[in-house]
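Report on the structure given below.
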Amino acid sequence: MTETALPLPPDAETSTRQPSHAAVKLARYVSLKLLSLLVAVTIGVYLTILIANMGGYVDEILKGQIREEISVTISMDQTKKNLTVAERSRLIDELVTLEERRLGLDQPFLLRSLRFLSRAMTLTLGRAQWLSSDSGSKLVRNIILERLPPTLLLMASSNFLLFFVTLFFALYLSRNYGSLIDKAIIALSPTSAAPAWFYGIFLLLLFAAVLGWLPFGGMVAAPPPEGTLDYALSVLRHLILPVLAWLISGFFAGVYGYRTFFLIFSMEDYVELARAKGLTSRDIERRYVLRPTLPNIITNFALTLIGLWQGATILETVFNWPGLGRLLYQAIGLYDSPVIVGSAVIYAYLLAITVFLLDFIYALVDPRVRVGSGGAKL
């Protein structure tokens, strides 16, 4: 007797198709998401190149600087003193032409910008025009890597402290809604409109100039202490004022923002029902207040992480902190386009990766979110 295969029931056939269909849908979503982020990064980087080069006007500035330097060099050369004015002008023109050709300034700016874009997108950051690392390297990669540790130290200390302090203080205020300290925080929240460097100037005047308790700036005392512990304590003393300025600038607005989210969800009907069932305040906060606000908290934390890379341009300049923010300030002043673009490119990639990962993190913390379904709810 021959055995005949029984047909699968409709439910079983549908269940075998669903995993493959979901995988294809997820793969399509990931591909489109990566493509859209790549396009956005490319446009942002190219706009940065155009802005950093002022649409090609920086090339004219560089050409003028090249001609001025060559003219000064020839005028001070004793072997060229007997040249006539025409011969000297011809020699200057020849040397200027050679230097412009070496730097690629003889080519149209549009062609150079597209070539610059292709190198930037592949993280071939090239050489700086004017700046260099402490070791004398002109490679943009080495310059950025040299300034990265001080920036990470300052920004990680400031941002992590600000993030967790504001988060837990806002949770405390949501439990004490309408109290005197709650009203005080609301009243002081407009003070966060002033940037950190604004408060930094006043802190320097008070604690460095008037009281003399803390140093005016820098990362470590000069000359640097020899012992490891003394060196760490010196860095810690120099960290106090910039970190304090950052905290004062962002504390009140951060607390007010988180407090608002916590209050919105703590007044929902299901929270009142949980209270009526006898759940403790801690359980209610963890399950029904913190969980719905978790996507917003995660987004702020992720943006805080990538914000560590950029540093604080003016704050680092005010405190003479040798980080990436001060490097960017110097690069803008010197029209050093490779350094400006190099910093922007890495930040753009970090931002794109963070946005891409956040979609999957949202799906993990919020079961209502489906990845690849356009934000559809279950």
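Every read-out reported here was derived from the displayed coordinates using simple, explicitly stated rules and does not represent laboratory data. Owing to the predicted nature of the structure, the values given are computational and were not obtained by experimental measurement. Methodologically, a virtual Cβ is constructed for each residue, glycine included, from the backbone with ideal geometry; neighbour enumeration extends over all protein chains shown.
Under a 5 Å amide H cut-off, with hydrogens placed 1.01 Å from N, L139 pairs with A128 among residues at least 5 apart or on other chains.
What label, among (i) 5, 22, 32, 28, 11, 2, 0; (ii) 4, 16, 17, 17, 12, 8, 9, 8, 4, 3, 1, 0, 0; (iii) 4, 15, 20, 21, 18, 10, 6, 3, 2, 1, 0, 0, belongs to P(r) over Cα pairs in 10 Å bins from 0, in percent computed from the structure on display? Label (iii) holds the value from this structure. Taking a spot 7 Å from the Cα of R119 along the direction of its beta carbon, which residues of the stretch 324-341 have an amide N less than 16 Å from it? Output list for this probe position: 336-341. Measuring from centroid to centroid over Cα atoms, what is the spacing of the stretch 138-201 and the stretch 314-332 in Å? Computed from Cα coordinates, the inter-centre distance equals 18 Å. Across the stretch 84-101, rounded Karplus estimates of 3J(HN,Hα) from the backbone phi angles (6.51 cos²θ - 1.76 cosθ + 1.60, θ = phi - 60°) give 6, 4, 5, 5, 5, 4, 5, 5, 4, 4, 5, 5, 5, 4, 5, 5, 5, 5 Hz, Gly and Pro being marked x. Taking 7 Å steps out from each Cα toward its Cβ at L50 and L273 produces label points 5.4 nm apart. Note on L233 and F301: with the Förster distance fixed at 30 Å, the Cβ-Cβ geometry gives a FRET efficiency of about 0.50.
Full extension of the chain segment joining A23 with V58 gains 7.6 nm, where the gain is 0.36 nm per residue of separation less the Cα-Cα distance.
The helix-only estimate of mean residue ellipticity at 222 nm for the chain, built from DSSP H runs of length n ≥ 4 each weighted as -39500 (n - 2.57), is -23500 deg cm²/dmol after division by the residue total.
Spin-label pair R175-L145: with each label point 7 Å from Cα along the Cα-Cβ axis, the two points sit 4.8 nm from one another. Summarising the label geometry, the points placed 7 Å from Cα in the beta-carbon direction at N320 and L35 lie 5.4 nm from one another. Work out which GluC sites (Glu not before Pro) in the chain are exposed loop sites (DSSP not H, G, I, E or B, at most 10 other Cβ within 10 Å) and give the longest gap free of them. Longest run free of exposed loop sites: 4-225. A Förster distance of 51 Å, applied to the separation of the beta-carbon atoms of D106 and L152, puts the FRET efficiency at 0.80. Gain on full extension, evaluated as 0.36 nm per residue between T42 and L205 minus their Cα-Cα distance, stands at 54.3 nm.
Please work out the FRET efficiency for the pair T354 and D93, using the Cβ-Cβ distance as r and a Förster radius of 51 Å; give the result to the nearest 0.05.
It comes out at approximately 0.50.
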